[in-house]
Amino acid sequence: MGSGYIRVEPDFSSVLFCSLSSSPTSPFLYHQEYDEVDLEFPNFNFNTSHQGDYVAIASEPLCLVGLDIVSPVIPGKETILEFVRNFSQYFSAWEWDCIVNAGTSDEILVEFYRYWSLKEAFVKAMGTGLAYRLDNVEFRHTNWTNIYVNMNGEDKNEWRFWLSELGKGHLVSIARGHPRLAAESYKRTLKRVDFGDEEYHLGLHLPNASFKLQTVEQLVSVQGRADYGIPTDNKVHRFEADEVVDGEI
């Protein structure tokens, strides 16, 4: 998975936060805060994603969390069918049938990105990357609600998934799973891996916090805005979560 940074240009639109941290305005826990809430946040971890107009972050106090944003763009020189066929090996036969029979070319592209986003969120939550056998990971759903994953013919009830639309043609997926399912290298960074069924069930079914949209101007101090070429006298509109996310995350 790795680490790094994202350079955000002044006209970048927004950042979304879905955070369960101890501070309602902070997307992460500082080290000194972590020790103080260890019992309440036994396994704090977070995941980020960016594409198109958005950067997002989601966090969990106990479960693994994976997040992926996609912007269903039309490929440059390829047709939509040519583009999606490049990824056919990553889908089950059932998923692939749903994609290619979704309707118009634009509908096929959106359907492809829905499945792709869920698969990305899933492997990011585990820390495995795309080397995972994604064709063995099949997502089932009822009109993109009640989403669950089936692996090698078996439903995996230790996971929960959400897929929502963002403004300006973006999709966001969230995956929440059991810490013992993390890749070994990722597991070593977690404070706890083993949880009883009751304790894990509570973590898996925590209330879902809605995304909070903030602009880059809101995240950068007034003193630091000049370094990024951001005007200091702009009025910033504060979006409510339901203005940008259709449904809960």
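Numbers for the structure displayed
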| item | result |
| --- | --- |
| Hits in the range 171-217 - residues which are surrounded by fewer than 16 Cβ atoms within 10 Å (Cβ to Cβ) and among the hydroxyl-bearing types (Ser, Thr, Tyr) | SER185, THR189 |
| Residue identified as closer than 30 Å to ILE74 by Cβ, polar (S, T, N, Q), open to solvent by 40 Å² or more (accessible area, probe 1.4 Å) and in contact with a strand residue (DSSP E or B) (Cβ under 8 Å, 6 or more places away or on another chain) among ASN136, ASN157 | ASN136 |
| Residues satisfying the stated conditions in the range 107-128, i.e. in contact with a helix residue (DSSP H, G or I) (Cβ under 6 Å, 6 or more places away or on another chain) and either free of Cβ contacts under 8 Å to residues at least 24 places away in the same chain or not in a helix (DSSP H, G or I) (or both) | GLU111, GLY127 |
| So GLU60, is it touching a helix residue (DSSP H, G or I) at 6+ places or on another chain (Cβ under 8 Å), modelled with pLDDT under 95 and surrounded by 14 or more Cβ atoms within 10 Å (Cβ to Cβ) | yes |
| Condition check for VAL84: farther than 18 Å from ILE147 by Cα and buried (at least 20 other Cβ atoms within 10 Å of the Cβ) | yes |
| Evaluation of LYS168 against (1) in contact with a Ser or Thr (Cβ under 9 Å, 6 or more places away or on another chain); (2) open to solvent by 20 Å² or more (accessible area, probe 1.4 Å); (3) under 18 Å from THR145 (Cα atoms) (one fails), failing number | (3) |
| Any hit, the range 140-151, residues being touching a strand residue (DSSP E or B) at 6+ places or on another chain (Cβ under 9 Å) and loosely packed, with under 13 Cβ neighbours inside 10 Å | yes |
| One residue from ALA121, ALA93 being of a type outside the set (Asp, Glu) and open to solvent by less than 50 Å² (accessible area, probe 1.4 Å) | ALA121 |
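The values are calculated or read from the model by the stated rules, or taken from the named source; none is laboratory data. All values derive from a computational prediction rather than experimental measurement. Methodologically, a virtual Cβ is constructed for each residue, glycine included, from the backbone with ideal geometry; neighbour enumeration extends over all protein chains shown. The area values use the complete protein model at the heavy-atom level, side chains included, leaving out ligands, DNA and RNA. Shrake-Rupley method; radii C 1.70, N 1.55, O 1.52, S 1.80 Å.
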